[in-house]
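The values are calculated or read from the model by the stated rules, or taken from the named source; none is laboratory data. Keep in mind that this is a model prediction, so the values were computed, not measured. Heads up, the Cβs are rebuilt from the backbone with ideal geometry, glycines too, and the neighbour counts pull from every protein chain shown.
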Amino acid sequence: MTPTNISKTIQSRHNSYGIGWFATAFIDEARVVLQKLTVRSTSSSSPLPGERARVRGLFEAARPFEAVQCFEYQGIRRVIATAAISLTVAGAASACSVCFGDPNDAQSHGMNMAILTLLGVTGGVMTTIVAFGTTIALRIRRAELAAEMGETP
Amino acid sequence: MGAIPYSTRVRPDTGLTNGRLGTALFLLSEVMFYGGLFSAYVFLRSSATEWPAAGVPIPRGMGIAALVLQFAAAAAVFMAWMRIRKDSRSSVIALSLGTAIAATGFIAIIAVQQRMLISESTVAATSTYHAVYFLIADIHRLHVAVGAILAAYMMGPGRTLQLRDSMAYANRVTCIAWYWLFLAAAWAVTFALFHTV
């Protein structure tokens, strides 16, 4: 399987978002590493002879993602790393009672009242806009009726 | 005037000129803006264990004086609007001057009020009560300053427009009057929230 095909396979699997998404990502990563190692070990076209070529081959094999330009896969790795960091430092996230959902807390009460206030303001503005549109529609209908009857609106 | 239709004449179906429609939309956005500020006030007040916060209270007497000046400015520009609608343009300049003076007085009173609070080591960081008051008062003061500039336009550069195109000038006076009426309503709500409720 060529690196391009591997990339397409990863892309198709990621698009599915099925069960075992992360497991599939890890399996694909291992497959890419093995593919690169196999290519390096069987290749004899290196211009550098001897020990120097062998060391350079190992370095390149250790960077499979840069070699195949698999950007989607790098995104997966970032997600996994972020999840791992979040789980590790979860104790530092001191969420307030609003996030924890305590309905009797004063902050929860204040948040509810603030939401109601803003809803009232937004509702008033939306009602004004709807009333304006309705008024225009009525005026247009009145003007059309007047035009049909030959009157000046 | 100009090639844009309904810039001075009223459009028959909407009953509005372009400027009035734009002003109405602008004021609706301002309602949302002030609504966000008042919503923050409600949130902080409802979740506070002590309200108003301990410390130096906001001087009520100066608040009342600011409210009176705010209403005086709005009333003057409202009267100018009424005079313009009745084609009585003689006293518009005097009323605009009154609006500008009242607006300047409002700005000065709020500045003195805040200076008094600061001199007694009461700043926005003292409590959420003072923080939300400083925020709303300063934002409103900025709006009043814009209104004062508009009033100055009515009695200054706007006069040449009045001589050239009286209908366009009347439209602008209408828009400015709407803006000032909104400011008066917004400050009335602010006063009620901080001094009476």
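Given the conditions (1) assigned to a helix (DSSP H, G or I); (2) at pLDDT below 90; (3) under 30 Å from B:Tyr41 (Cα atoms), report the number of the one that A:Val125 does not fulfil.
Against the list (1) assigned to a helix (DSSP H, G or I); (2) at pLDDT below 90; (3) under 30 Å from B:Tyr41 (Cα atoms), A:Val125 comes up short only on (2).
Tally the residues that are more than 12 Å from B:Phe106 (Cα to Cα) and in contact (Cβ under 8 Å) with a residue 40 or more places away in the chain, restricting the search to the stretch B:133-153.
Residues that pass the stated criteria total 6.
Going through the stretch B:46-70 one residue at a time, which ones are crowded, with 19+ Cβ neighbours inside 10 Å, touching a residue at least 24 places away in the same chain (Cβ under 8 Å) and assigned to a helix (DSSP H, G or I)?
Of everything in the stretch B:46-70, those that are crowded, with 19+ Cβ neighbours inside 10 Å, touching a residue at least 24 places away in the same chain (Cβ under 8 Å) and assigned to a helix (DSSP H, G or I) turn out to be B:Gly63, B:Ala66, B:Leu67, B:Leu69, B:Gln70.
Looking at the stretch A:135-151 only, could you name the residues that are facing chain B (nearest Cβ under 9 Å), among the hydrophobic types (A, V, I, L, M, F, W, C) and more than 47 Å from the chain's Cα centre (by Cα)?
Within the stretch A:135-151, A:Ala143 is the sole residue that qualifies.
Would you list the helices (runs of 4 or more DSSP H) that sit entirely within the stretch B:80-197 and hold 3 or more residues that are over 22 Å from B:Ser7 (Cβ atoms)?
Here the list reads B:92-119, B:128-155, B:166-191.
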